[in-house]
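Step one of this worksheet: look at the structure below.
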Amino acid sequence: VLSPLGYGVVISFFKTNLVNSWHLIGLKNYVDALQNPAFVKSLGTTVVYSVSTVVGTLVVGSGLALLLNQEFPGRTFFRVVLILPWVLPEVVVALLWRWMYNPLYGIISYYGGLLGLGTEWLEHPRSAMAAIVLTSVWKGFPLVMVLVLAGLQSISKELYEAAALDGASALRSFRHVTLPGLAPVLLITLILETVWWFKHFTIVWLLTGGGPVDATKVVSISIYQTAFENFQWGRSAAMAVVVFVICLGASIVYRRLIRDER
């Protein structure tokens, strides 16, 4: 873990071809990256994409976990079916959804046209962002569902019985028993989801390639293009370190906001 991380940090201080040319330039790569409007814009796009996806996966995953925590016929079947999106490889998910978004034969485009939502989901800036968020939420909600469901099953039923004896409504029981019991799980889920989607690459790249007109160009695509298309290894490494610092900062903020002892 430490070796590639350290190597990436070292590269960020050099102008190099990674073979026989190493010129120490200090913080210049960082300065150039942070002064680059395209990189700053990609950071903003990434924030919009990651926040939307994290909120979506939390809402859908937690809602389904609450439903699957109830007793009803066929519960095991639905638990198996709803975990399938997470099992599928990201490349497969991206290709499946790209077919469904196809304006000629895609099922989403077809019904979108019938409902007046348009048929070219990936060709317009606003709808393209909505499309990749929808795809990412479908891919990511099973992980949240499993984690939250495990957290719900770890909460003692005696707490709910005691709350009912004290006259607590279902809403008050959820607020004062369920949410505090889920706090440690929600903390880990928020950290994992934020880090995962902030640096995500595969689904966005295969659906839109960062387009149209850079509307979905997240920071991972900027790093990839800087390194493997422009061959600016030092600057791309500096950009990656900036992303690492942002993700680390987000995890620290989450830990301060949600503490286990609460």
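The values are calculated or read from the model by the stated rules, or taken from the named source; none is laboratory data. Owing to the predicted nature of the structure, the values given are computational and were not obtained by experimental measurement. With ideal geometry, Cβ positions are generated from the backbone for all residues, glycine too; neighbour counts draw on all protein chains shown. Only protein heavy atoms, including side chains, enter the accessible area calculation; ligands, DNA and RNA are left aside. Shrake-Rupley method; radii C 1.70, N 1.55, O 1.52, S 1.80 Å.
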Which value in deg cm²/dmol, rounded to the nearest 500, describes the helix-derived mean residue ellipticity at 222 nm for the chain, given -39,500 (n - 2.57) per DSSP H run of n ≥ 4 and division by the residue count?
-22500 deg cm²/dmol
When the Karplus curve 6.51 cos²θ - 1.76 cosθ + 1.60 is applied with θ = phi - 60°, which whole-Hz ³J(HN,Hα) does each residue of segment 193-210 get, with x for Gly and Pro?
5, 4, 5, 5, 7, 5, 9, 5, 9, 4, 5, 5, 5, 6, 7, 10, x, x
Using only Cα atoms, tell me the angle between helix 37-68 and the longest principal axis of the chain; keep it within 0 to 90° and round to the nearest 10.
20
Vicinal HN-Hα couplings computed from phi for segment 164-171 (Karplus, 6.51 cos²θ - 1.76 cosθ + 1.60; Hz; Gly/Pro x):
5, 5, 7, x, 6, 6, 4, 5
Could you tell me how many degrees, from 0 to 90 and to the nearest 10, lie between the Cα long axis of helix 125-153 and the main elongation axis, the longest principal axis, of the Cα atoms of the chain?
50
Could you give the accessible area per residue of segment 34-101, probe 1.4 Å, as a whole number in Å²?
56
Percent accessible area from carbon and sulfur atoms, segment 69-108, protein chains only, probe 1.4 Å
73
The answer for F14, listing residues at least 5 apart or on another chain whose modeled amide H is closer than 5 Å to its amide H, is I25
Measure nothing fancy, just the Cα-based angle from helix 2-11's long axis to the longest principal axis of the chain, in degrees from 0 to 90, nearest 10.
40
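As an exercise, use a Förster radius of 35 Å and the Cβ-Cβ distance of D166 and V253 to find the FRET efficiency, rounded to the nearest 0.05.
After rounding to 0.05, the efficiency reads 0.55.
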How large is the accessible surface per residue of segment 112-193, computed with a 1.4 Å probe and reported in Å² as a whole number?
55
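Which three numbers, in whole Å and largest first, are the semi-axes of the equivalent ellipsoid of segment 136-229 derived from its Cα gyration tensor as √(5λ)? Please report the intermediate quantities before stating the final value.
Working: eigenvalues 352, 28, 20 Å².
Taking √(5λ) for each Cα gyration eigenvalue gives 42, 12, 10 Å.
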Taking N as its residue count, the alpha carbon Rg of segment 11-108 over 2.2 N^0.38 Å
1.77
Ignoring ligands, DNA and RNA, what percent of the accessible area of segment 109-262 is carbon or sulfur (1.4 Å)?
63
Under 12 Å from the Cβ of E193, count the other residues' Cβ atoms, weight Lys and Arg +1, Asp and Glu -1, and hand me the total.
+2
Whole-percent tail of the Cα-Cα distance distribution for the chain, cut at 27 Å, equals 50
Accessible area per residue for segment 203-262 in Å², computed with a 1.4 Å probe and the full protein assembly in place, what is it?
52
